[in-house]
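This report refers to the structure that appears directly beneath it.
Laboratory data are not the source of any read-out in this text; all were calculated from the coordinates shown. The shown structure was predicted, so the numbers you read here are calculated from the model rather than taken from an experiment. Positions of Cβ are backbone-derived with ideal geometry, glycine not excepted, and every protein chain shown enters the neighbour counts.
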Amino acid sequence: MLKRIVFLLNFGVIMSSNAQFNIITPIEGKVLKDYFIVNHVDHDTIKSSIRDIRCGKRTYDGHMGTDYVLASFKAMDVGVNVLAAADGKVIYIKQDLFDREKGGEPSKTYGNLIIIEHADSFYTYYAHLKKNSSTVSLGQMVKAGDVIAQVGSSGYTTDPHLHFELYHKDTLLDPYSGDCDFFKSDYNNDSFEYDTTRGTIASGLIPFNASIDTIREHLPQTTVFDKNDTAITYWIQRWGMRKGDKAEVKWYTPDSNLWFNFSTVIPQDYYYYYWYSWINNPISEPGQWRAHFYLNDELIDVIAFEVKATNNVKSKYALPKGLKLFYNQSSSSLIVSKPELITHLSVYDASGRELLNSDQVKSVMPLPFKPGNYFVNFLVKSKNHIYKFIISE
């Protein structure tokens, strides 16, 4: 079986197949609400050229499956089920790999993976699964719609999603059909519409100069900023961004004066896109502020927030009941009173760089950092929390 997996990983030519096989959508929920179909199979065999089933660009070069992407890691933590696409037998399970990957390293390939063998030599692959989330065992018979695991972000990935592949013998197939489909047959029982809409998935403010990896977490919304917050980041997550779109954020003072604006032109089509900008905390102008986001000069989003000249850090970064977390500067360590309550922990500096990303939380975690402001994002019962600590000179 391992030999077969290696072979299919390197199998890049899409071939036609006349075999008939019906499947259901392999993820729980509703499209455009619980997940987004971001990448389809690449039907163009010319290197550096792409074409999806509807002759569009919603794929990337050599992509061999369909990507059902969640809105955020927050959604992954709550749990989204992966479903068996058809009746069959579980013939491969891998589920012990780290499941919060963001780096997109090709060498990590499928990550956590389940393979099901179906009648008439059909096979389905379910990749990037959540660690230890498999609900099936090797050799188990499953029915279409049975829960087999949960969506994760293990392996070669940047965001939590299910990468789904369909094969007939050694031939890669596309579960959907369209004018640029080699197979001319629809293998998916569920109705499928090629979405061309656009919209907002989420938006928010973060109390430091955030990076894309931070934004992917969908941290708890911050609407009050104090003198200890060095910067304020506005972010928005959209689907359906198109080449040439103008994205702009305008920051308004309590007197409704324009403080700062920033804009960019989107360089290519993106079906799933993060956009963000930041300002230094305007502590000299306390009061009610607003961040306005415009797309092609149309107002899309407004977030109001308060800037205070006082220190509000204790109430803003309150810890869950029964949990103590603090930085011990003498030992250069983060101290966690009940590490068993925390299922994941990340640490960021004030510039938004991710310095630690771990699901192995201990009572004493050595963090030999330089003086500055740091933020801890951690999970307790699948709920995101944020904690700030300061290392002094």
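Below 8 Å, C-alpha to C-alpha, sequence gap of six or more: please give me the relative contact order for the range 98-249 in percent. That works out to 19 percent.
Let me spell out the model: positive unit charges on the Cβ of Lys and Arg, negative unit charges on the Cβ of Asp and Glu, origin at the Cα centre of the chain. What dipole size does that give, in debye rounded to 20? Before the final figure, lay out each step's value.
Numbers: 41 positive and 44 negative charges, 233 e Å.
For this selection, approximately 1120 debye.
With θ taken as phi - 60° and the Karplus curve 6.51 cos²θ - 1.76 cosθ + 1.60 applied, the whole-hertz 3J(HN,Hα) list for the range 320-331 is x, 4, x, 10, 10, 9, 7, 9, 9, 5, 5, 9 Hz, x standing for glycine and proline.
Only aspartates and glutamates eight or more places from Lys94 in sequence, or on another chain, were considered; those with a Cα closer than 17 Å are Glu117, Glu165.
About its Cα centre, the dipole of the range 23-67 is roughly 180 debye, where the only charges are +1 on Lys and Arg Cβ and -1 on Asp and Glu Cβ. Note that the range 291-297 has calculated 3J(HN,Hα) couplings of 10, 10, 10, 10, 10, 6, 6 Hz, one per residue in order, obtained from phi through the Karplus relation 6.51 cos²θ - 1.76 cosθ + 1.60 (θ = phi - 60°); glycine and proline are x. For Trp259, which sequence-distant residues (separation of 5 or more, or a different chain) have an amide H within less than 5 Å of its own amide H, given hydrogens modelled in the peptide plane? Those lying under 5 Å, H to H, from Trp259 are Trp251, Tyr252, Thr253. Averaging the Cα positions of each part gives two centres, and for the range 58-125 and the range 237-274 these lie 32 Å apart.
Taking the Cα centre of the range 283-393 as origin and assigning +1 to Lys and Arg Cβ atoms and -1 to Asp and Glu Cβ atoms, the resulting dipole is close to 680 debye. For the residue pairs Lys362/Lys383; Lys89/Lys169; Lys308/Lys370; Lys130/Lys383; Lys74/Lys308; Lys321/Lys383, the alpha carbons lie more than 21 Å apart in Lys308/Lys370; Lys74/Lys308. Of all beta bridges that DSSP places with both ends in the chain, some 95 percent have antiparallel geometry.
Partners of Lys47 within straight-line reach, counting aspartates and glutamates whose Cα lies under 15 Å from its Cα and excluding those fewer than 8 residues away in the same chain: Asp61.
Each of (1) 1.00; (2) 2.19; (3) 1.08 is a candidate for Cα Rg over 2.2 N^0.38 Å; the one calculated from this structure is (3). Near Thr109, the amide H atoms lying under 5 Å from its own belong to Tyr156; only residues 5 or more places off or on other chains count, and H is placed 1.01 Å from N. Amide H to amide H, with H built 1.01 Å from N, Ser333 comes under 5 Å of Asn328, Leu367, counting only residues 5 or more places away or on other chains. Whole-Hz Karplus values for the range 253-259 come out as 6, x, 8, 6, 8, 6, 8 Hz, taken residue by residue from phi with 6.51 cos²θ - 1.76 cosθ + 1.60 and θ = phi - 60°; glycine and proline positions read x.
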